[in-house]
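Novice: Please find one structure pasted underneath; my questions will follow.
The values are calculated or read from the model by the stated rules, or taken from the named source; none is laboratory data. These figures come from a predicted structure and were not determined experimentally. Every residue, glycine as well, gets a Cβ built from its backbone with ideal geometry; the counts of neighbours run over all protein chains shown.
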Amino acid sequence: MRKRYGQTCPVAKTLEVIGDRWTLLVVRDLLPGRRRFRDLLDSLPGIAPNMLSDRLKLMEEHQLITRHFYSDHPPRAEYELTEKGKELGVIVGALAAWGSRHVERRVRLVHADCGHPLQVDYYCPDCDARVRKTEVRLKRSGGTTSATETSGRRGTPAPRR
């Protein structure tokens with residue numbers, strides 16, 4: 001049974017879709033391109049075949065992946081991230097960057113050209129500028145911001161640009 005948080009927060013709603021065990025690891029392994037079921041099973045030690053099958057079905061249901069059959073008898077498929085699924089690469093990258101700083105320090109997420117460690121930042125395409133974390137907030141479509149949606153101290157809205 002899938003988790004339901006009963007909240008309208010986009011973080012909670014997103015976790016209802018991708019928060020199950022193994023889902024983001026499947027995304028990680030599909031970021032380079034199409035993979036067969038057996039390849040995914042081999043790249044995820046500890047996952048049972050039925051668990052992988054369940055995750056793939058759920059991800060397909062949420063349009064994060066597409067399935068391409070390469071054999072009819074017996075049926076065999078390859079899996080590939082959709083554009084929606086590829087957007088999760090930013091989340092996987094953010095987890096990798098955080099994890100390399102705080103959990104698994106022997107591994108770094110680096111820039112392929114220069115080899116220096118990367119950081120994940122907020123960017124506003126309208127302003128063409130990086131945005132400080134203290135300047136980020138959630139805004140409901142009605143324009144109101146609640147105390148739990150601010151990025152400053154609790155109850156204090158984040159500063160405006």
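Novice: Can you name the condition, by its number, that SER141 falls short on among (1) closer than 19 Å to CYS9 by Cβ; (2) modelled with pLDDT of 80 or more; (3) outside any loop (DSSP other than H, G, I, E, B)?
Specialist: All conditions pass for SER141, except number (3).
Novice: Within the range 115-137, is there a residue that is farther than 25 Å from GLU16 by Cα, basic (Lys, Arg) and without any contact (Cβ under 8 Å) to a residue 40 or more places away in the chain? Please lay out each step first, then the result.
Specialist: Taking the range 115-137 as the starting set, the residues that turn out to be farther than 25 Å from GLU16 by Cα are 115-119, 123-132, 134-135.
Right, trim to basic (Lys, Arg) and you get 130, 132.
Still in the list and also without any contact (Cβ under 8 Å) to a residue 40 or more places away in the chain: 130, 132.
There is at least one residue in the range 115-137 that is farther than 25 Å from GLU16 by Cα, basic (Lys, Arg) and without any contact (Cβ under 8 Å) to a residue 40 or more places away in the chain.
Novice: Residues to consider are LEU41, LEU25, LEU52, LEU56; find the one that is assigned to a helix (DSSP H, G or I) and within 12 Å of the chain's Cα centre (by Cα). Talk me through it step by step, then tell me what you get.
Specialist: Working: LEU41 fails: within 12 Å of the chain's Cα centre (by Cα); LEU52 fails: within 12 Å of the chain's Cα centre (by Cα); LEU56 fails: within 12 Å of the chain's Cα centre (by Cα).
After ruling out the rest, the residue left standing is LEU25.
Novice: Say whether the condition of being farther than 22 Å from ARG2 by Cα, out of contact with any Cys (no Cβ under 8 Å at 6 or more places or on another chain) and of a type outside the set (Ser, Thr, Tyr) is met by at least one residue in the range 46-63. Even if it seems obvious, please write down each step before you answer.
Specialist: Initially, the range 46-63 is screened for residues farther than 22 Å from ARG2 by Cα, giving none.
So far as the range 46-63 goes, no, none of its residues is farther than 22 Å from ARG2 by Cα, out of contact with any Cys (no Cβ under 8 Å at 6 or more places or on another chain) and of a type outside the set (Ser, Thr, Tyr).
Novice: Part of a helix (DSSP H, G or I), touching a Lys or Arg at 6+ places or on another chain (Cβ under 7 Å) and at pLDDT 95 or above: is that true of GLU78 in this structure? Please lay out each step first, then the result.
Specialist: Values: part of a helix (DSSP H, G or I): no; touching a Lys or Arg at 6+ places or on another chain (Cβ under 7 Å): yes; at pLDDT 95 or above: yes.
Judged against the criteria, GLU78 is not a match.
Novice: Can you tell me which residues in the range 81-92 are in a helix (DSSP H, G or I) and surrounded by 11 or more Cβ atoms within 10 Å (Cβ to Cβ)? Give the derivation first.
Specialist: We begin by selecting, within the range 81-92, every residue in a helix (DSSP H, G or I); these are 83-86, 89-92.
Within the range 81-92, LYS84, GLY85, LYS86, GLY89, ILE91, VAL92 qualify.
Novice: Here's something else I'd like to know. Quickly run through the range 59-75 and pick out the residues that are part of a strand (DSSP E or B) and either modelled with pLDDT under 95 or loosely packed, with under 13 Cβ neighbours inside 10 Å (or both). Please lay out each step first, then the result.
Specialist: Step one: list which residues in the range 59-75 are part of a strand (DSSP E or B), which gives 65-71.
Listed by number, the residues that qualify are HIS68, PHE69, TYR70, SER71.
Novice: Can you find a residue in the range 25-40 that is over 29 Å from HIS111 (Cα atoms) and surrounded by 14 or more Cβ atoms within 10 Å (Cβ to Cβ)? So that I can check it myself, show each step before the final result.
Specialist: Step one: of the range 25-40, the residues over 29 Å from HIS111 (Cα atoms) are 37-38.
Next, only the ones that are surrounded by 14 or more Cβ atoms within 10 Å (Cβ to Cβ) stay: 37.
Yes, the range 25-40 contains a residue that is over 29 Å from HIS111 (Cα atoms) and surrounded by 14 or more Cβ atoms within 10 Å (Cβ to Cβ).
Novice: Going by the conditions given, is ILE47 part of a loop (DSSP other than H, G, I, E, B) and either modelled with pLDDT of 95 or more or of a type in the set (A, V, I, L, M, F, W, C) (or both)? Before you say what the answer is, go through the steps one by one.
Specialist: Details: part of a loop (DSSP other than H, G, I, E, B): yes; either modelled with pLDDT of 95 or more or of a type in the set (A, V, I, L, M, F, W, C) (or both): yes.
Taking the combined requirement at face value, the residue satisfies it.
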